[in-house]
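S.K.: Have a look at the structure that comes next, please.
The values are calculated or read from the model by the stated rules, or taken from the named source; none is laboratory data. Just so it is clear, the structure is predicted and the values come from calculations on it, not from any experiment. When we count neighbours, we look across all protein chains shown, and the Cβ atoms used for this are built from the backbone with ideal geometry, even at glycine.
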Amino acid sequence: MIHRRRLLQGAGALLLAGLLKPLAAFAAWNKAAFSSKTSADAMKSLGTPSAEASGGIVIEAPQIAENGAVVPIEVMSKIPGTTSLAVLVEKNPYPLVAKFDFSEGALPFVKINAKMGETSDVRVIATAGGKHYQATKEIKVTIGGCGG
Amino acid sequence: MAGPMKMRATLGSGYTDLRVLMTHPMATEQQTKGQPHFIQNLTVKVNGKTVIEGEISQAVSRNPVFSFRLKGGAKGDKIEVSWLDNKGDTNRTETAVA
């Protein structure tokens with residue numbers, strides 16, 4: 001019986017490995033950070049519990065977004081050696097919207113369209129050389145975009 | 001299931017401008033009564049080398065459009081973008097820098 005159980009366990013592990021294989025090309029999705037309900041918790045889960053305010057982070061976004069379902073947010077870091085940018089919408093049910101890791105060959109720049117439930121600060125966290133920096137910008141939303 | 005993707009890569013001044021569109025409902029919890037369906041991971045590769053890895057949430061708009069900037073670049077560089085959603089659907093597209 002023991003042999004059979006081992007065999008089954010082995011077969012199960014192989015099957016699982018086979019199933020997971022196509023996913024291996026992607027980094028793990030930070031479930032803890034994305035299911036955080038406050039930006040402070042999300043920042044903790046991202047490994048950036050505190051961040052220094054910086055003028056080196058540029059957030060280009062409309063002051064007033066008429067349609068909260070599609071709010072264009074352009075983010076750029078002028079801080080040398082920036083390897084990561086995270087975008088959080090403070091008042092969304094789950095504040096963390098996106099996080100990008102940049103390797104050699106990519107500039108720390110990204111433009112995304114985000115949903116915003118209501119008028120909120122948008123917070124951007126940049127990581128450079130093991131240090132964390134942040135900047136915020138308020139975007140006013142006239143029609144929310146989360147309920148659809 | 002995965003809808004079409006569109007991508008354009010053009011040489012800018014000192015960088016390559018990359019724009020990519022993904023066809024995806026990006027359905028939130030609120031819209032689906034607790035059954036969200038959204039892209040979680042995306043990867044940008046240049047000539048086979050990963051340069052950008054992204055993790056995104058259900059708060060990214062439907063049919064997401066992303067812009068990125070790649071350092072330098074030359075005509076003919078091969079750009080590949082792929083994504084994976086929370087239900088295991090995946091898609092990829094390739095283009096050459098124009």
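S.K.: Could you list, in sequence order, the residues of the stretch A:114-135 that are more than 13 Å from the chain's Cα centre (by Cα) and without any contact (Cβ under 8 Å) to a residue 60 or more places away in the chain?
M.R.: Residues of the stretch A:114-135 that are more than 13 Å from the chain's Cα centre (by Cα), as a first pass: A:115-121, A:128-135.
Hits for the stretch A:114-135 are A:Lys115, A:Met116, A:Gly117, A:Glu118, A:Thr119, A:Ser120, A:Asp121, A:Ala128, A:Gly129, A:Gly130.
S.K.: On to the next question. At least 3 residues that are surrounded by 14 or more Cβ atoms within 10 Å (Cβ to Cβ) and at pLDDT 95 or above in each: list the strands (runs of 3 or more DSSP E) lying fully within the stretch A:1-103 that qualify. It would help to see each step written out before you state the result.
M.R.: Numbers: elements: A:57-60, A:64-67, A:71-77, A:82-89, A:96-102.
Of the strands (runs of 3 or more DSSP E) lying wholly inside the stretch A:1-103, those with at least 3 residues that are surrounded by 14 or more Cβ atoms within 10 Å (Cβ to Cβ) and at pLDDT 95 or above span A:57-60, A:71-77, A:82-89, A:96-102.
S.K.: For B:Glu53, all conditions in the list (1) assigned to a loop (DSSP other than H, G, I, E, B); (2) free of Cβ contacts under 8 Å to residues at least 24 places away in the same chain; (3) of a type in the set (D, E, K, R) hold save one; what is the number of the exception?
M.R.: Only one criterion is unmet by B:Glu53, namely (1).
S.K.: For the stretch B:19-31, enumerate the residues that are more than 19 Å from A:Pro95 (Cα to Cα) and either out of contact with any Phe, Trp or Tyr (no Cβ under 9 Å at 6 or more places or on another chain) or facing another protein chain (nearest Cβ under 9 Å) (or both).
M.R.: Taking the stretch B:19-31 first, the residues more than 19 Å from A:Pro95 (Cα to Cα) are B:19-25.
B:Arg19, B:Thr23, listed by residue number.
S.K.: Could you list, in sequence order, all residues of the stretch A:106-148 that are assigned to a loop (DSSP other than H, G, I, E, B), in contact with a Lys or Arg (Cβ under 9 Å, 6 or more places away or on another chain), facing another protein chain (nearest Cβ under 7 Å) and surrounded by fewer than 19 Cβ atoms within 10 Å (Cβ to Cβ)?
M.R.: First, the residues of the stretch A:106-148 that are assigned to a loop (DSSP other than H, G, I, E, B): A:115-119, A:129-130, A:144-148.
Cutting the leftovers down to in contact with a Lys or Arg (Cβ under 9 Å, 6 or more places away or on another chain) gives us A:115-119, A:144-146, A:148.
Within this subset, residues satisfying the condition of being facing another protein chain (nearest Cβ under 7 Å) are A:115, A:146, A:148.
Scanning the stretch A:106-148 gives a single hit, A:Gly148.
S.K.: Would you confirm whether or not the stretch B:56-76 contains a residue that is more than 8 Å from chain A (Cβ to nearest Cβ), among the aliphatic types (A, V, I, L, M) and part of a loop (DSSP other than H, G, I, E, B)?
M.R.: Yes, the stretch B:56-76 contains a residue that is more than 8 Å from chain A (Cβ to nearest Cβ), among the aliphatic types (A, V, I, L, M) and part of a loop (DSSP other than H, G, I, E, B).
S.K.: Further question: Identify, by number, the condition in (1) buried (at least 22 other Cβ atoms within 10 Å of the Cβ); (2) within 13 Å of the chain's Cα centre (by Cα) that B:Arg92 doesn't meet.
M.R.: (1)
S.K.: Specify the residue that is surrounded by the fewest Cβ atoms within 10 Å (Cβ to Cβ); the eligible residues are those in the stretch B:43-55 that are facing chain A (nearest Cβ under 8 Å) and farther than 22 Å from A:Pro93 by Cα.
M.R.: Residues of the stretch B:43-55 that are facing chain A (nearest Cβ under 8 Å), as a first pass: B:43-44, B:46, B:49-55.
Subsequent filtering for residues that are farther than 22 Å from A:Pro93 by Cα retains B:43-44, B:46, B:49-53.
On the way: B:Thr43: 19, B:Val44: 25, B:Val46: 23, B:Lys49: 11, B:Thr50: 16, B:Val51: 21, B:Ile52: 25, B:Glu53: 19.
That would be B:Lys49.
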